[in-house]
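Visitor: Below are the structure tokens for one structure; questions will follow.
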Amino acid sequence: MLRALIVTMAITSSHACSGQENCSADGDGESKDYCYSARIRSTVLQGLPFGGVPTVLALDFMCFLVLLFVFSILRKVAWDYGRLALVTDADRFPSVRTDRDSSCFCRRDEEIREKCGEDAVHYLSFQRHIIGLLVVVGVLSVGIVLPVNFSGDLLENNAYSFGRTTIANLKTNLLWLHTTFAFMYLLLTVYSMRRHTSKMHYKEDDLVKRTLFINGISKYAEESQIKQQAYENCTVLEARICYNVAKLMALNAERKKTERSKKFFTDLMAKEHVPTMINPKPCGHLCCCAIAGCEEEEAVSYYTKREAKLKEEYRKEKEKVHTKPLGMAFVTFQNEAMTAIILKDFNACQVQGCRCRQEPRSSQFSEVLHVHNWSVSYAPDPQNVRWYVRTEHLSLGGISWWIRCFVINCILFILLFFLTTPAIIISTMDKFNVTKPVEYLNNPIVTQFFPTLLLWAFSALLPTIVYYSAFFEAHWTRSGENRTTMHKCYTFLIFMVLLLPSLGLSSLDVFFRWLFDRKFLADAKVRFECVFLPDNGAFFVNYVIASAFIGNAMDLLRIPGLLMYMIRLCLARSAADRRNVKRHQAYEFQFGAAYAWMMNVFTVVMAYSITCPIIVPFGLMYMLLKHLVDRYNMYYAYLPSKLDKKIHSGAVTQVVAAPILCLFWLLFFSTVRTGKPRPPQLCQTFLAMLLRVQVSGTFMCFCDAQPSSPPSTVSLTERTDARST
């Protein structure tokens, strides 16, 4: 990826300033006058008082207050579209909300762990370490780097010029200071993440390794054969074969809802002594007129017949479930040593010729069980397996899974890169003079607020698209789905939010001119110095401000969840169905999307922490608000989830990548600023970058060498209960 980034920046910078009218200057002085005194010919980065940051800050803060006011109204009108509806009732406990809301930010980690799970504690601890890191980086950037940048004299002497706060205002003889601080930021990041990972301890019960997950078993295998396949000195306590119970679980859940609805109307009739009539069609409680096909029925009678029908379907499906094996099994042994022996035999490969095959011990049932096709690993926690969503995901693997994954990600890349990249959309509008009528307004609302709001809107839509792509990839554990979502979201967000706006604001125009203009290559003069523009950092400062106020306020409102809640309420048939909707409307917290979104903003802040140090205080403000919002949502809005340790380790990897990208920015700035590489600064920055990569690699290897916590040992009887409830 680093090679691709270098090539992309080289190509972009080589075409960034072309044409006789733009590159007429030949000397270094004229190059400085053009690239550091003139503004880019774009309505996005027009020369505004301090880059439009004060105006955008005021607008975003007012939007934040409006959204908070809307949230306060929703908490009174539709407050039960969160997790509180599962434990309290709005009519019976109207005062509980105020008492709990006032103390939600004072909860200790033990209380968070008890109610929200271990992963919530790790996530919030991760945020606190990021906040501490940004505090130190902010003090250094604002207290030292910012005055150094402001002391330069390359730009005009204007107190309202945003460019004077950036590295573009500084002479090259002081760039060694920025390189030193960039390397210091890496050390601070490594120390902060090392301190965080040292506190990531799971409960002691989770260290017991007695249950194995076996995939590739013959669909005609029996549990007794699996027990006898075990080694002589290995005692098998339980061996349970997996079956496709998705439909069975859906029928069971629907039957329970029907039972609750029947009990609701039975109690109501016993209280009022009047039978209740309902319209059994979808949206029946909204229908105010009786027409053909929408006749009303007596509620208790309707739900009694529906319950009997569902019980019969459940009985038939339960009889057929043993005919739908998935070719997998959970096997529990007596102690950890037995599982270690079996794992060693099945996962130690011997290379013979061009093939890598396993050498497990054989028995009389080896051929029947297809032992040569087995893949053995530690069993995940039953709460980590998506039993209810799609049990057939468990049996999908091999070549078919890789082909499916490749096709889905190709479609995702085409969709996101060509259709949802606001940098290309905005620059294209500018180049074709679509925004020419408003260019003369020179209004920060037009030139800064709406472009950053557009960028935030597209980046907010991206996690949802990536989540559904990860769902269709058929991951059978919540950890795998969240981990895939996190890595893909982070990659696409970095390209969408950071790389393309930084490097591609004029690349699409240059590409079309190179493709269709025959005289372009003959007349163009290549300049490297026009890539890092004085006002370029203002766009990202405004983006971080929009993410801090508007983004966190929207997370607090949870608009997608509210819309789904309203739709499900409208589709309900009766008051009892609406009550069931309220009981089943809470969702699990999406750690993958949350990590990716947060690390995207953090990477933007760290990448510009030296070239544009004014961005760091706004990044700290974003993290503080993000921590408060996530703490509130986890405690009151979302259900607890059980994941493995890998997703938290993956987030640590993304954090370490942020300061490395900051040093790449310094490397390319030192290279392209004057069009001529300066050996001292270039060599110093390049050596610091190599040292950074070495330190980061050592840190990651050290983290990987730590013993990872295995999944908790839960008896297979509990696993079966989890599938049937």
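Each reported figure results from applying straightforward, stated rules to the coordinates on display, with no laboratory input. A quick note: this is a predicted structure, and the numbers were derived from the prediction, not measured. Cβ sites come from the backbone with ideal geometry, for glycine too, and all protein chains shown count toward neighbours.
Visitor: Any chance you could run the full-extension gain for K344 through S301? It's 0.36 nm times the residue separation minus the Cα-Cα distance, nm to one decimal.
Guide: In short, 9.5 nm is gained.
Visitor: Can you put F126, F413 in order of Cβ neighbours within 10 angstrom, beginning with the fewest?
Guide: Placing the least packed residue first, the sequence is F413, F126.
Visitor: If we count other beta carbons within 10 Å of each Cβ, what is the order of M554, M606, fewest first?
Guide: M554, M606
Visitor: By how many nm would the segment from L562 to H584 grow when fully extended, if each residue of separation counts as 0.36 nm and the alpha-carbon distance is taken off?
Guide: Numbers: separation 22, 0.36 × 22 = 7.92 nm, distance 1.31 nm.
Extending this stretch completely gives an extra 6.6 nm.
Visitor: Also: Net charge within 14 Å of R128 by Cβ-Cβ distance, Lys/Arg positive one each and Asp/Glu negative one each, not counting R128 itself?
Guide: The answer is +4.
Visitor: A further question follows. For L461 and Y220, what is the calculated FRET efficiency with R₀ set at 41 Å and r taken between the beta-carbons, to the nearest 0.05?
Guide: Computed FRET efficiency for L461 and Y220 comes out at 0.30.
Visitor: Taking 7 Å along the Cα-to-C-beta vector as the label spot, tell me the N373-K256 distance in nanometres, rounded to one decimal.
Guide: 3.4
Visitor: If you count, for each residue, the other Cβ atoms within 10 Å and average over each peptide, how do 70-77, 620-627 line up from highest to lowest?
Guide: Most protected by this proxy first, the peptides run 620-627, 70-77.
Visitor: Taking R0 as 22 Å, what FRET efficiency do you get between D267 and E313 from their Cβ-Cβ distance, rounded to the nearest 0.05?
Guide: Using R0 = 22 Å, I get an efficiency of 0.25.
Visitor: To the nearest 20 Debye, how big is the dipole of segment 247-320 about its Cα centre, given +1 on the beta carbon of each Lys and Arg and -1 on that of each Asp and Glu?
Guide: The calculated dipole for segment 247-320 is roughly 520 debye.
Visitor: Between V66 and Y191, what FRET efficiency comes out of the Förster formula 1/(1 + (r/R0)^6) with R0 = 41 Å and r the beta carbon distance, rounded to 0.05?
Guide: Working: r = 40 Å, r/R0 = 0.98.
Step by step, r from the Cβ atoms, then E = 0.55.
Visitor: What number results when the radius of gyration of segment 247-320, computed over Cα atoms, is divided by 2.2 N^0.38 Å?
Guide: 1.26
Visitor: Something else about it: What is the spin-label model distance, in nm, from R128 to C283 if the labels are put 7 Å beyond Cα along the C-beta direction?
Guide: 4.9
Visitor: Per 0.36 nm of contour for each residue apart, how much would the distance between K320 and W176 grow if the chain were fully extended, relative to their Cα-Cα spacing?
Guide: Taking 0.36 nm per residue and subtracting the Cα distance, the gain is 44.6 nm.
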